[in-house]
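The structure under discussion appears below in the form of structure tokens.
The values are calculated or read from the model by the stated rules, or taken from the named source; none is laboratory data. In this text, all values refer to a predicted model and were calculated from it rather than measured experimentally. Using ideal geometry, Cβ is built from the backbone for each residue, glycine included, and neighbour counts are taken over all protein chains shown.
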Amino acid sequence: MNSNLIWLVFTPLIGSAIAAILYNYKFLDRLITFSTFAITLFLVFGTHVGQTYSMNLNFMGRMIPLSWNVTHLSIFMLYISIVFGTILTFYSLMDRSRMKGFLLLLILAANNWIFTTNDMVGFFFAWELMGWASIVSVLGGRKERKSRHAALYYALMSIGGSYSMFFGLFTLWRLTGSFSISSNLAYLSSIVGVHPWWVLGIVSLFFVTFMIKAGIFPFHTWVPMAYAYAPDTFTPFLSAVMSKYGIYGMLLFLPISLMEKGMPTVFGLPWVNYIFVWIGVITAVLGTVLAFFQDDVKKLFAYSSLSNLGYIVAAISLFTSVGVTAGIYHAFNHLLFKGALFITLAAVISRSGTSKLSEMGGLWKKMPVTFFTFFIGIASAAGIPPFNGFGSKWLIYQSMIKQHLLFATILLFLASTGAFLYLFKAFHSIFLGQLSHNYDNVKEVPVIGQIVEYLLMFAMIFFGIQPGYILRPVGLIVKSVGLNPLAVMGNGYVTGMFSNVDMPLIGWSLAISFVFGFILFFISAKHKYVSQEDNYTAGQIPQDWGLTPETYQFSWKFYEPMEKLFAPFYRIKIDGFFRGLGDWTRITGSAVKQVFVGNAQIYTLFAVVGLIILVIAGWVA
Amino acid sequence: MMQEFLQNYVYLIGSMSLIGIGLYITLTDENIFKIIVGLNIIESGTNLFMVAIAWYPKAVMPIYTLTNKLSINGKVIAADPLPQSLVLTAIVIGLGTTALALTIGIKIFEKYGTLDVRKIKEAGR
Amino acid sequence: MSIFNNAALLIGVPLLFAFSIPLFGLISKQLTKWVTLLTISFNATFSLYILLAHKYPSIVVMGNWLPPFGENLYIGPVAALLVSLISVMGLLIAIYNLWSIKKGDVTRFSVLFLMFTAGASGMVLTGDIFNLFIFMEITGISSFALAAYGPEKRALGGAFKFLVVSSIGSTLYLLGVTLIYTQLGTLNIAEIAARINQTTPGLLTFAGVLIVSGLAVEAELFPFNGWVPDTYTGAINGVSAALSGIGAVSGVYALFRIAMTVFGKDGTYVSSYGNLNFMAVIAVLATATVVIGELSALTQKNVKKMLAYSSMAQMGLVAVGLSIGNELGVYGGIFQLVNHSIAKTMMFLILGVLVASGVGENIDDFRGLWKRSPFLSLAFSVGAFSMLGFPLFGGFWSKFAIVGASIQRGGWYDFIIGLVLFASIVEAFYYLRIVGYMFSSDSKFPKLKTPWTPTIPIFILAVSIIAIGVFPQIVGTFSAQAASEFTHKMSGYVLNVIPTIAAH
Amino acid sequence: MRNDTPILVKKITALSLITILMVGFFWAFTEMPKGSSVNVNNRVSRLYILKNVKAATKSLNSGNFFAKGMKPLRSDVPYSPITFGKSANLEDGAANVVTSIVVDYRGFDTLGEVTVLFLAATGVAMLFFGKRKKNIIKAQASLIMSVGTRIAYAVILLFGIYIFVHGHLTPGGGFPGGAVIASGVLGLFLGNDHYESNHLGLKLFESLSGMAFVIIGLTGLFSVNSFLANFLPTGVIGDLYSAGFIALIYIAIGMKVGAELSAVVDSMIVDTEEEWS
């Protein structure tokens, strides 16, 4: 019995109530949010694996046990989410966006609850709380109309997901009479050999929810909208932390697949897992392809998130020790670099006032710290050693190849290359090139923001060259789900199937080459800064051939040839399906509304017809 | 034969016919006041039905008088007084409903300027 | 059987004051609203005392004639809970009326409102099937008149539609009651319930169909609910709040008292002493109501009309929950009834305040309301979130229980709950759209001045929604007892009224 | 079915629906007890007619009222024969059994019924509320009419009072009596072009008599510990001064109904102009 587990939930709730009261005083609201995150972090320090807590909830006269249970996975997730949240809220102290602190705290409460609970009632409650709080959070974006639409779209998807989970958990309850997650999972594992289709049905009800929350392929349509139009300071949390809830849920249910003895297999994988690998791959490729051409930088990185989650899903669906290690490791890495990227984006957007790539450019001179953070962020995201994205991607490829999924691996490689392209596009369009005159007065972010950026830079480099600090806890998780953990040679090594990579070595060599580069840069000829339009060709200045400052920007039609190349992909509109569903519902609604014609006589007729139908039913029965 | 038919069914048929007629008026006539009349006829049918189930052949009235005995050797021979009292209640309730309906009808005529039931609605449903 | 005759005051005192209000009206018109308020607050206090001091189950004997010979009131867990709900809602709306009803015939409005509340309480309390009809008519007639009140002409149209459909409904109910009387020779609900298997099946089915159809008018089930949108839209907002928060509660109660206690088989899901399983019939009707109500509300641009359709759909959801018939389902249904009553009352009251301060009824007028009146828009959102089943709001628990119960029941209820959940997504769409409009910032209008009198009930209701959401046992304990009363026909109802009926 | 459906279609639909409904009704009635087989002895009314509810209660409390299978043994309840004008101190003293049911055994229903009428009158008056216009004379009443109604009014009033005072002995009672009185008032309206009713008086009558009913009920609650219980001696059956509180209640009801229906007549006849300013 460790009551600090329940305080993990209650502290943020109390903080949320206080923050909600002080809502009008923005700084106080943010300060309370930050301090609650910090306090919760201290509470997590006092939490260790194996702690349990239970209490009874009076539900319809009978007691429903609510229980908490700390596993390796939950403590890992708690740490990474809360540490990141603390950094983010610290950043938000200076921020001007309309993120609501009390909603973030509600999400924190749900976050802690989801990661520690061992009963489905609590899980569902927390899941709903998290979903709704994030929906309301999305509402406060810069572009109000669009963020409203995004929130509505997200809400509908999210509700659909939670109803699916509703069905799943109550079906389990009907079967076992218990809400406990661990015993229900054990039950599912025990009957999977007998009734594989039943188990598949129930688990897929849960998986729909998780896939919606993580934004995996057929349900990814809300992701770009919600990420792009959420408040700038909330998007990092949405992308870095909240997408991981789906991954967490999948990890809970995946061990069942170990028991699927009766299922046919493909490449040594149960076919369900095989399908999920492909879903992950499709998500990764789709995210990449769609990210190329985005002009809205947040939308671009939203698709990037999508792509990365595809990697994670593909890896963990293999359910081998390398796969799971790689998946969780990549989840952590994605949290770190995507969080850093979105924080820098928030900084850039708050300073420049736009999120359009074609309107930015040359900002590195004005915001050097942000520039470097962003640079390291995209290096990580592209998987360039020694930054932190490398190790996990490397492990993912290894795990795929080990299962002989060559075609899928090649697609993932291509996606990674594509990732480099769009990341470079963003990098170049925002920071390099010529500075637009609109941004002559842009300043670097305030000190608090700079501190956060330095911290994130440090973290991305540190966890890149010292992966052992993450791989060790990940190994514990892998062990706890019943697989053999990978050997960890030392803090500096990523141990794969075929070879080990000495990250510090790579780090040093890269650093030395950088030093060389800088030396060359400084001893080379002096360069002159010119303005964007200071240019001529054949005696004509740019205006003469019809270029405006916007169209003269580098990022204007950045990848136009590729856009033509991938144009067929653009025509696949998955969200067209959901929109069609919505339109159909609306048309049905208008038609159904005609039932109520507003004539007393016809209402009487309805009543009489209803009566007659009942009479006939009684007659027939 | 005929007598038996009358005893068994005449009130029931009467009450059902009243209900049917009332319902027909309510469903087809477009004048508000005729609809109210239809409702009233339905009510009368119901009341007749209730009185009909209280009565049986050769029943005496359920009032003690000098000459009227209500029971013979422990067997009650009076008509059932309970439905009659229910009818009394139902009539009064029907009266109240009718009065209110008429009032609403008058007010509708004042404000909408029509008694056509199809026109008593707002635009934009 | 414990006799608690003083509870007759729950009906007697409102009647006494209703008859005397015209005299108070001779002194001052505004005084009559206070008389109504104080009388309903007596009712609220007394019913809360009954509920909290656990004075139930007990019966109230009328005229010293014990049931089944005379008339009686039965105060079980359901009645205790619902009477408290009705009286408290009535009290809060009466506070609102202090501010909102200033013009017109205030005196008579007070009388009608008081009797509307008392009639609904009586409908919930009564233990006699014909007395139920009388209270139905008291509620009905007062609500026709209340619905017609107001300067707008649409009020009259709505009231007329309500009156016509409701008259047909009560006629059907009366015919059904008469048919049952010919079979069993009694009007006492407990005795009918115990002896329902001694009737002819065909006739019983027919009587049941008539009664269910008649009560479905009050319980707002499709296809008997044509009056709902027009009446709710036409009536002034305080009356719409009362109709959805008070009238519908008693209607749905009566429907399920008949379907579960009278026609129900003890300890089973079904109610089929006749040929027809009425619980299944009601489940189908209720599902149709939910789907049609939500779909009709979807494209609605008028917020009041939208609330009306939503009200109808919510009553359908309540009926779905109750018609599942297992304890969890009834628990969820009663819980949902309480939640719906609280939330919908609050939303209509908010709409009333908004309309009175010059904001229109259209959804476009709600744009940027957050800037103009933060309190009202927050409270409205709280209500909307409770309707949608947002965690930490009351509606979460009831929806949870209803879905859980129907999946527990299984079979074709899986299909029903699938439809209901689809309708809930539709509902989420239109409520969230309003909330989104309210929190958008493009408003050019000045801040609203909110009078303090109507904010008291709105504040209390909003707080209670959150309180129920955080501590569901506030309602949960009572609705669990109610569920056990509804599902255990003999021990929950009949034996508490006539203890010696099953002596052999 | 839409608003603009042709009338013929409407009529045919209505006819067919009603036909189906009627067939349903008759199918149900084939199972009903036929006129000749109606047995009041099987119904609870037997106890009301023989006035042995108290005995039945005794038997109920001792567990003998319901046989196996929950069949009530209504015919087995002991009773003593009732003779008009002789039997005294019965549990209910009304010679008219319908009255004894309406006011005594099921008095609560009647209270509700009075309330319904009261509410309807209130509703009517509320909807017609407004500034009273001068009576527009639509048709001049003849001399015979105007004199005759005034003379008849006194007789009608007296007759109405007679009906409700004798409610416990003869057919009739408070409601018919009140309605008769109101018809007299209607006559006054018809016969006199400038007749105006005394609103204060009507209101006072209405309220006080209604309150009297409830207070009688509450007196029962506080003296006999049951709402609407008879707290007066019942006397000899058939006497005018018998039947306990039934006469009192019927007087209250009669006055109330008379006043209410007169008020309804008044509000319906007098034109008003709404004011919502």
ask   = Is one or more of the residues making up the range B:94-117 within 13 Å of the chain's Cα centre (by Cα), more than 8 Å from chain D (Cβ to nearest Cβ) and of a type outside the set (Ser, Thr, Tyr)?
value = yes
request  = Using the structure shown, decide if B:Ile13 is surrounded by fewer than 22 Cβ atoms within 10 Å (Cβ to Cβ), more than 9 Å from chain D (Cβ to nearest Cβ) and β-branched (Val, Ile, Thr).
outcome  = no
inquiry  = I need the helices (runs of 4 or more DSSP H) fully contained in the range D:1-77, keeping only those with at least 1 residues that are within 30 Å of B:Val10 (Cβ to Cβ), within 32 Å of the chain's Cα centre (by Cα) and touching a residue at least 24 places away in the same chain (Cβ under 8 Å).
reply    = D:45-50
message = I'd like the full set of residues that are within 16 Å of A:Ala126 (Cα to Cα) and more than 9 Å from chain A (Cβ to nearest Cβ), limited to the range C:394-426.
response = C:Gly394, C:Gly395
query = Among the residues of the range A:461-495, which ones are modelled with pLDDT under 80 and farther than 25 Å from A:Leu252 by Cβ?
reply = A:Ala487, A:Met489, A:Gly490, A:Asn491, A:Gly492, A:Tyr493, A:Val494, A:Thr495
task = Looking only at the range A:271-287, count how many residues are free of Cβ contacts under 8 Å to residues at least 60 places away in the same chain, surrounded by 22 or more Cβ atoms within 10 Å (Cβ to Cβ) and not hydrophobic (A, V, I, L, M, F, W, C).
result = 1
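Would you confirm, using the coordinates I've provided, whether D:Lys54 is surrounded by fewer than 21 Cβ atoms within 10 Å (Cβ to Cβ) and within 11 Å of chain C (Cβ to nearest Cβ)?
Answer is yes for this residue.
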remark   = All conditions in (1) more than 8 Å from chain D (Cβ to nearest Cβ); (2) surrounded by fewer than 24 Cβ atoms within 10 Å (Cβ to Cβ); (3) in contact (Cβ under 8 Å) with a residue 40 or more places away in the chain are true of B:Ile35 except (2)
remark   = All conditions in (1) modelled with pLDDT of 85 or more; (2) on the phi > 0 side of the Ramachandran plot are true of A:Leu611 except (2)
request  = List the number of the failed condition for B:Tyr56; all other conditions in (1) crowded, with 18+ Cβ neighbours inside 10 Å; (2) part of a helix (DSSP H, G or I); (3) within 10 Å of chain D (Cβ to nearest Cβ) hold.
outcome  = (2)
query = Can you tell me which residue in the range D:106-117 is surrounded by the fewest Cβ atoms within 10 Å (Cβ to Cβ), limited to those that are at the interface with chain C (Cβ under 7 Å from one of its Cβ atoms) and over 20 Å from C:Asn64 (Cα atoms)?
reply = D:Val116
Output for the range A:368-419, where each listed residue is aliphatic (A, V, I, L, M), buried (at least 20 other Cβ atoms within 10 Å of the Cβ) and closer than 26 Å to A:Ile465 by Cβ = A:Ile376, A:Ile378, A:Ala379, A:Ala381, A:Ala382, A:Leu395, A:Ile396, A:Met400, A:Leu412, A:Ala415, A:Ala419
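Taking helices (runs of 4 or more DSSP H) that do not extend beyond the range C:162-269, which have at least 1 residues that are within 14 Å of chain A (Cβ to nearest Cβ) and either at pLDDT below 90 or buried (at least 24 other Cβ atoms within 10 Å of the Cβ) (or both)?
C:201-218, C:227-234, C:248-256
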query = If you go through the range A:256-265 one residue at a time, do you hit one that is of a type outside the set (S, T, N, Q), part of a helix (DSSP H, G or I) and at pLDDT 85 or above?
reply = no
request  = Pick out the one residue from A:Pro224, A:Pro236, A:Pro231 that is within 18 Å of A:Ser158 (Cα to Cα) and either part of a loop (DSSP other than H, G, I, E, B) or not acidic (Asp, Glu) (or both).
outcome  = A:Pro224
remark   = If we keep only residues of the range D:62-78 that are surrounded by 15 or more Cβ atoms within 10 Å (Cβ to Cβ) and more than 8 Å from every other protein chain (Cβ to nearest Cβ), then the residue nearest to D:Asn39 (Cα to Cα) is D:Val77
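Do you know which residues across the range C:354-371 are in a loop (DSSP other than H, G, I, E, B) and not hydroxyl-bearing (Ser, Thr, Tyr)?
C:Gly358, C:Val359, C:Gly360, C:Glu361, C:Arg367, C:Gly368
Mind listing just one residue for me: the one in the range B:68-82 that is free of Cβ contacts under 8 Å to residues at least 12 places away in the same chain and either at positive phi or under 26 Å from the mean Cα position of the chain (by Cα) (or both) and, of those, nearest to the other protein chains (Cβ to nearest Cβ)?
Among those residues, the one meeting the criterion is B:Gly74.
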inquiry  = Please determine whether any residue of the range A:288-306 is touching a residue at least 12 places away in the same chain (Cβ under 8 Å) and closer than 17 Å to A:Val478 by Cβ.
reply    = no
ask   = Just for the range D:30-45: of the residues that are of a type in the set (D, E, K, R) and at the interface with chain C (Cβ under 8 Å from one of its Cβ atoms), which one is surrounded by the fewest Cβ atoms within 10 Å (Cβ to Cβ)?
value = D:Glu31
task = Would you check which residues across the range D:78-130 are among the polar types (S, T, N, Q) and part of a helix (DSSP H, G or I) and list them?
result = D:Thr99, D:Ser100, D:Thr110, D:Thr115, D:Thr122
inquiry  = Condition first: of a type in the set (A, V, I, L, M, F, W, C) and under 42 Å from the mean Cα position of the chain (by Cα). Now tell me which residues in the range A:534-548 satisfy that.
reply    = A:Leu547
query = If you scan the range B:21-67, which residues turn out to be more than 16 Å from the chain's Cα centre (by Cα) and among the acidic types (Asp, Glu)?
reply = B:Asp29, B:Glu30
request  = Check whether at least one residue in the range A:108-129 is over 30 Å from A:Gly50 (Cβ atoms) and either in contact with a Leu (Cβ under 8 Å, 6 or more places away or on another chain) or not polar (S, T, N, Q) (or both), and report yes or no.
outcome  = no
note = By residue number, the members of the range C:93-112 that are more than 15 Å from the chain's Cα centre (by Cα) and more than 9 Å from every other protein chain (Cβ to nearest Cβ) are C:Ala94, C:Ile95, C:Tyr96, C:Asn97, C:Leu98, C:Trp99, C:Ser100, C:Ile101, C:Lys102, C:Val106, C:Ser110
remark   = Residues in the range C:24-60 that are buried (at least 18 other Cβ atoms within 10 Å of the Cβ), among the hydrophobic types (A, V, I, L, M, F, W, C) and within 13 Å of chain D (Cβ to nearest Cβ) total 4
